[in-house]
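Undergrad: Would you mind keeping the following structure in view while I ask a few things?
The values are calculated or read from the model by the stated rules, or taken from the named source; none is laboratory data. Here the structure is a predicted model, which means the values were calculated and not measured. Methodologically, a virtual Cβ is constructed for each residue, glycine included, from the backbone with ideal geometry; neighbour enumeration extends over all protein chains shown. Heavy atoms of the whole protein, side chains included, go into the accessibility calculation; ligands, DNA and RNA do not. Shrake-Rupley method; radii C 1.70, N 1.55, O 1.52, S 1.80 Å.
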Amino acid sequence: MITGPTFEEMLHPQTIDPQVRADALAALDADPLNPLNLYNITWRDGQNQVYHVTLPRELTGVDAPIVVLYGGRFPSGSHKVGAAYSVLLEKQLLGEVDPDQHTLVWPSTGNYGIGGAFIGCRMEYDSIVVLPEEMSQERFQRIEQYGARIIRTAGSESNVKEIYDEVKRLRGSDPKIRILNQFEVMGNYRFHYHVTGNTLVELADELRGAGIGAGKISAFVSAMGSAGTIAAGDRLKQVWRDHRIVGLEPVQCPTLYNNGYGAHEIQGIGDKHVTWIHNVFNMDALMAIDDRDALDGLRLFAEDAGRRALVDRLGLAADLVERLARLLGISGICNIIGAIKTARFYALTSDDVVVTIATDGMERYESVLAALRERHGALDETTALAIAAGVFRRAGGDWIMEGTRAARERWHNLKYYTWVEQQGKTVAELDAQRDPDWWRAHQAAVDEIDRRLLAQRGAR
């Protein structure tokens, strides 16, 4: 069976066999379908530097440094490939799946499905990705490029119930089917708790050495899709007790904010339910972001007039603007807006680093941008400056709910309707998540997974 790195090797790729690491790095661009790219599932580049960028105050309008980790240099173009790999690796090591016997189904609204197509096919599994038909065309193209089949379900980003219905049908139709549900399986949580979380712990010291912040991360901001990424905050809160975890969802589908529903256009987040793997008892605030702001922010970096305004009128460095234009997708823009709101809401200072994530890059949204230009016309300088001021520099204090004890109870209770009523969990299983030891046990399982993988290597 094909495998890749341990959790520890994903966190510290310098511990990978040097020849394997060198060959993997060479394959990242030259041979992207090579299974060696499994060893490029890490937040660190070939020089062991974390993939990140610090946003200038000219853009954010706040004193607190806002640092963006970007996932575009992961295999498949998104860090969600790490969650897909961890989920499959664990199930393979535990004997629950076998490439000679099983077909894998990856329920997704996009990047996890793309990651599943990449991982599943590289590890020689027949793979099916189930995702809504209204997602960006680039998502479907990438999945097919990686060799997986696609089943399109009705709706858009927030139509996860339709995905679940199709997955249930598939499970009952073929005994070879195995479901790798990112919203439920704790391998997703473990990847971000251990790999993303500890990468950020180490980055805090590196940033301080560069004169950014005081050696700690004061807040971690992440929109929830599967709620895997936000698990990094659980690790950060163990290191810094006053650390704040801030979750984001769309104004147009404010499920946790006020039991709301609806459709929205921030692809990758706001899936109209509370996921099983989301530790809501650790979330300090919930903020909602208007999808119009996220799309306008994307256009600001994607269109010529927007980039010129950022450079000529706001004073951003031209090379930084061009870099951000490649690195940021819709959910990344959403996360940046949320990070600015977080810095303002908590009155953070230049010592307080706020970290957020750019899950994927601009290349995944060319079809979306074309539709926006057709609908609204090209940006001019006046509109671009209005977006820069209104979307970023003046991101305000609206749509913010603090994580009080009562709010956390409500967020947790919302899990009942998806997981007990629809997906077969028991009330006892749901109530078990109230105990912090439940989460600590899943965090500790990282060591057991690594031990099993190393034992398998030794047996070859």
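Undergrad: Hey, among A294, A305, A263, which residue is touching a residue at least 12 places away in the same chain (Cβ under 8 Å), in a helix (DSSP H, G or I) and more than 25 Å from V67 (Cβ to Cβ)?
TA: A305
Undergrad: Going by the conditions given, is V391 in a strand (DSSP E or B), closer than 17 Å to G61 by Cα and touching a residue at least 60 places away in the same chain (Cβ under 8 Å)?
TA: Criteria not met by V391.
Undergrad: Still on this structure: Looking at I212, is it assigned to a loop (DSSP other than H, G, I, E, B), touching a Ser or Thr at 6+ places or on another chain (Cβ under 8 Å), at pLDDT 95 or above and under 21 Å from V67 (Cα atoms)?
TA: yes
Undergrad: Taking the condition in contact (Cβ under 8 Å) with a residue 24 or more places away in the chain, touching a Gly at 6+ places or on another chain (Cβ under 7 Å) and farther than 28 Å from G233 by Cα, does S158 pass?
TA: Answer is no for this residue.
Undergrad: Then there is this: Could you tell me which numbered condition T356 fails, if it satisfies all but one of (1) surrounded by 15 or more Cβ atoms within 10 Å (Cβ to Cβ); (2) in a helix (DSSP H, G or I); (3) not basic (K, R)?
TA: (2) is the only condition that T356 fails.
Undergrad: Return yes or no: is N198 over 16 Å from L11 (Cα atoms), of a type in the set (S, T, N, Q) and open to solvent by 10 Å² or more (accessible area, probe 1.4 Å)?
TA: So N198 fails the test.
Undergrad: Being in a helix (DSSP H, G or I) and under 19 Å from T103 (Cα atoms) is the requirement here; does E144 meet it?
TA: yes
Undergrad: Now, a different point. How do the strands (runs of 3 or more DSSP E) wholly within the stretch 9-126 filter down when requiring 1 or more residues that are open to solvent by less than 10 Å² (accessible area, probe 1.4 Å), under 27 Å from D447 (Cβ atoms) and not acidic (D, E): which remain?
TA: In the stretch 9-126, 66-70, 103-107 are the strands (runs of 3 or more DSSP E) which contain 1 or more residues that are open to solvent by less than 10 Å² (accessible area, probe 1.4 Å), under 27 Å from D447 (Cβ atoms) and not acidic (D, E).
Undergrad: Counting only residues that are modelled with pLDDT under 95 and outside any helix (DSSP H, G or I), which one in the stretch 403-460 is surrounded by the most Cβ atoms within 10 Å (Cβ to Cβ)?
TA: It comes out as Q423.
Undergrad: Here's another thing I want to ask about it. Tell me, which residue of the stretch 377-388 that is free of Cβ contacts under 8 Å to residues at least 40 places away in the same chain and open to solvent by 40 Å² or more (accessible area, probe 1.4 Å) is farthest from N282 (Cα to Cα)?
TA: Result: T382.
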